[in-house]
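The values are calculated or read from the model by the stated rules, or taken from the named source; none is laboratory data. Here the structure is a predicted model, which means the values were calculated and not measured. No Cβ is skipped: glycine too gets one built from the backbone with ideal geometry, and neighbour counts run over all protein chains shown. The accessibility values were calculated without ligands, DNA or RNA, using every heavy atom of the protein model including side chains. Shrake-Rupley method; radii C 1.70, N 1.55, O 1.52, S 1.80 Å.
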Amino acid sequence: MRIYRRPFIKTLLLLTVCAAPLHQATAHTFHTSLMSMEYNRQEQLLEISLKVYSHDLESILTRRSRRDVRLGKTPDAEQLTFAYLQEAINLKNGAGETKTLTWVGMEAKADRIWLYFEIKMPEGLNGAQLRNRLFFDLLADQVNLVHLKDAGKKSDLVFNPGDGFKPLFESTKD
């Protein structure tokens, strides 16, 4: 057994060492964001959490502000982030009126950032439409995923560059 064990261990170590740079070089080759939206009927609010990569957010904020922006270090990073969200994410109610986002906050988790905001929706979500253009002007292959819950209803939306407004829920025809 000893004859075979040593070459196996050496081979395993060699593969691990060689694969590490390859893994680092290919990290984050898929550009995506994940938005979770839940309608709070009691508060009449659409509560939203959005997970993005911190370096993508820093890149777009740096480009837009024409200065180096680092999350956690740049004093107005939250204000810059919220201003960008207000342009990139738009919601219209069933009457076609654009709704206003309200900033809640953000928190860093390793290389990702969670952004929290909400939208007052006393009229509910019937007929509402969303447009999510987050990072489309930065990354040509960006995909924005949205998961929505309202009481017992669920909906999943996918936004690609060039997409416009999409209904939050598929209309059901009886």
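Criterion first (over 30 Å from residue 76 (Cβ atoms), open to solvent by 80 Å² or more (accessible area, probe 1.4 Å), under 17 Å from the mean Cα position of the chain (by Cα) and of a type in the set (D, E, K, R)) does residue 137 satisfy it? Considered against the rule, which asks whether it is over 30 Å from residue 76 (Cβ atoms), open to solvent by 80 Å² or more (accessible area, probe 1.4 Å), under 17 Å from the mean Cα position of the chain (by Cα) and of a type in the set (D, E, K, R), residue 137 comes out as no. Restricted to the stretch 84-118, and to residues there that are part of a loop (DSSP other than H, G, I, E, B) and not basic (Lys, Arg), the residue that is modelled with the lowest pLDDT is 110. Just so you know, in the stretch 70-83 the residues that are of a type in the set (Gly, Ala, Ser) and over 27 Å from residue 122 (Cβ atoms) include one that is modelled with the highest pLDDT, and it is 77. Scanning the stretch 36-56 for residues being modelled with pLDDT of 95 or more, open to solvent by 40 Å² or more (accessible area, probe 1.4 Å) and not in a strand (DSSP E or B) gives a total of 4.
Answer with yes or no whether residue 81 is over 16 Å from residue 32 (Cβ atoms) and part of a strand (DSSP E or B). When the stated conditions are applied, residue 81 does not pass them.
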